[in-house]
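A.B. asks: Here it is: the structure, laid out below.
The values are calculated or read from the model by the stated rules, or taken from the named source; none is laboratory data. Quick caveat: nothing in here was measured; it's all calculated off a predicted structure. With ideal geometry, Cβ positions are generated from the backbone for all residues, glycine too; neighbour counts draw on all protein chains shown. The area values use the complete protein model at the heavy-atom level, side chains included, leaving out ligands, DNA and RNA. Shrake-Rupley method; radii C 1.70, N 1.55, O 1.52, S 1.80 Å.
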Amino acid sequence: MTTPPRIPRHLAVIMDGNGRWAARRRRPRVIGHRAGARAVNLCIDFCLARGVEVLTLFAFSSENWGRPPDEVGALMRLFVNALEREIDELQRRGVCVRFVGERTRFGAAIAGRMDAAERATATNARLTLVVAASYGGRQDIASAARALAEDVAVGRLRPEDIDEAALGARMALSDLPPPDLFIRTGGELRISNFLLWQLAYTELWFTERLWPDLDDATLQEALDAFAARERRYGLTGEQLPVGGAPATGAIPVAAAATDIIGR
Ligand code: FPP
C-alpha cells in the first residue's frame, strides 16, 4: 500500500525575478511583472489541482514603495487590472481572495477594489489566496504589539497574560494554518521581511528559476522536496511518531511538541 504524498496545507511564495526576466529580453521591467501575473495563474491552478488550501503571495512589500515611481504606478495598474479581469475566473475556480498589508496606502480606488474582491469571493472554499500587498513582517509584528498594548491600556488584557498565543492571535493570517512550505524564485537566499513570525517552522525551498518562468515541474519539485523533509518542531527524530510529524504546522509549535511526545 502506498501512502498519499504529504501536501503542504499552506504555501507561501516570494515571486522574485520579474525584473531580470525582462532585462534578459531587453524589455522594460513592467513587461516582466506582466509575465509574472501569468505565473500567478499557473501557481493558483497548481495549488487547486494538488489540494493546497492556502496560497500566500508576496506581491508588494512595504519597501517596494521606494522603487521608481513609474514602476510602482505600473504595478498598481497591473493589480487593478488583474483584480477586474480575474475576479470572475477566481469565482469560477472557487478561490477566496484576501489581502494583508497596509491597504490604505494604496488609495481609495485600489483599496475599494480589494474590499470588493474580498466580499465577492468570501464564501469560496477550494483555495484561500492571500495577497500580501504593502506588507512587511516587522510592521506586522509591530502592529500586533500595538494591539496588545491597546488591550492592556483599556484593561482587556493583563501584561502577565501576554504570551506567544496572544501576540500570534493579533498577527496577519492568525486564523489560517501557518505556512508549511515557503518558495522563493529568482535565486536569492533570503526572506526579505516576508512573514517573519509565521515562518518560524516553515520548510524553506529556493530555486534559481525566475518567477515568470515558473512551471508545474518546478512547483512539483518543491512539493517533492517538502514531502521528503522531516519536520521536528524542535524535537529529536526519535521522539516523532512513526511516519513523522504531521505535514502541516497547523498546530501551534508548543502544542505540536506536546502532541508528538504525548504529554
Ligand atoms: C519581484 O520581482 C516581484 C515584484 C516586486 C512584484 C510581483 C508582482 C507580480 C508577480 C505581478 C502580479 C501579481 C498579482 C498578485 C496580480 P523583481 O521586480 O524584484 O525582480 P528582480 O529581482 O529580477 O528585479
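A.B. asks: How high is the relative contact order of the chain? Use alpha-carbon pairs under 8 Å, at least six apart in sequence, and give a whole percent.
C.D. replies: So the answer I get is 26 percent.
A.B. asks: Pop the C-beta distance of Ala145 and Arg85 into the FRET formula with R0 = 25 Å and round what comes out to the nearest 0.05.
C.D. replies: Efficiency, rounded to the nearest 0.05: 0.10.
A.B. asks: Here's another thing I want to ask about it. How large is the Kirkwood hydrodynamic radius of region 1-56, counting all unique pairs of alpha carbons, in Å?
C.D. replies: Computed over Cα pairs of region 1-56, the Kirkwood hydrodynamic radius comes out at 13.0 Å.
A.B. asks: What translational diffusion coefficient, to the nearest whole µm²/s, does region 54-181 have by Stokes-Einstein, given a Kirkwood radius computed over alpha-carbon pairs, a temperature of 37 °C and 0.692 mPa s viscosity?
C.D. replies: Stokes-Einstein gives a translational diffusion coefficient of 203 µm²/s.
A.B. asks: Next question, about the same structure. Work out which helices of the chain, taken as complete DSSP H runs, extend at least 30 Å along their axis over the Cα atoms and score a mean Kyte-Doolittle of -0.5 or more, then list them.
C.D. replies: Qualifying helices, which must be both long enough and hydrophobic enough, are 29-50, 69-92.
A.B. asks: Restricting things to alpha carbons, find the Rg to Rh ratio for region 1-105 using the Kirkwood radius for Rh.
C.D. replies: Rg divided by Rh gives 1.02.
A.B. asks: Mind jotting down a quarter of the surface of the convex hull over the alpha carbons of region 151-237, in square nanometres, one decimal?
C.D. replies: 8.3 nm²
A.B. asks: Run the helix sum for the chain: -39,500 (n - 2.57) per DSSP H stretch of 4+ residues, divided by residue count, reported at 222 nm to the nearest 500 deg cm²/dmol.
C.D. replies: -13500 deg cm²/dmol
A.B. asks: Please report, in debye to the nearest 20, how large the charge dipole of the chain is about its Cα centre when each Lys and Arg carries +1 at its beta carbon and each Asp and Glu carries -1 there.
C.D. replies: Dipole about the Cα centre, nearest 20: 800 debye.
A.B. asks: What is the calculated FRET efficiency for Leu189 to Arg126, with r their C-beta to C-beta distance and R₀ = 30 Å, to the nearest 0.05?
C.D. replies: E(calc), rounded to 0.05, equals 0.40.
A.B. asks: In whole angstrom, note down how far apart the Cα centers of region 38-115 and region 17-36 are.
C.D. replies: Cα centroid of region 38-115 versus Cα centroid of region 17-36: 18 Å apart.
A.B. asks: Taking the Cβ of Ala169 as the centre, find all other residues whose Cβ is under 11 Å away and add up their charges (Lys, Arg: +1; Asp, Glu: -1).
C.D. replies: With Lys, Arg at +1 and Asp, Glu at -1, the neighbours total -3.
A.B. asks: Turning to a different aspect of this structure: Within region 169-196, whose backbone N sits under 14 Å from a point 7 Å along Cα→Cβ of Arg138?
C.D. replies: 191-196
A.B. asks: Could you work out the percent of alpha carbon pairs in the chain separated by over 26 Å, rounded to a whole number?
C.D. replies: Roughly 45 percent, rounded to a whole number.
A.B. asks: Please compute the per residue accessible area over region 1-155 with all protein chains in place, 1.4 Å probe, rounded to a whole number of Å².
C.D. replies: About 50 Å² of surface per residue is accessible.
A.B. asks: GluC sites (Glu not before Pro), restricted to region 133-211: which are DSSP loop and have at most 13 other Cβ atoms within 10 Å?
C.D. replies: Glu188, Glu208
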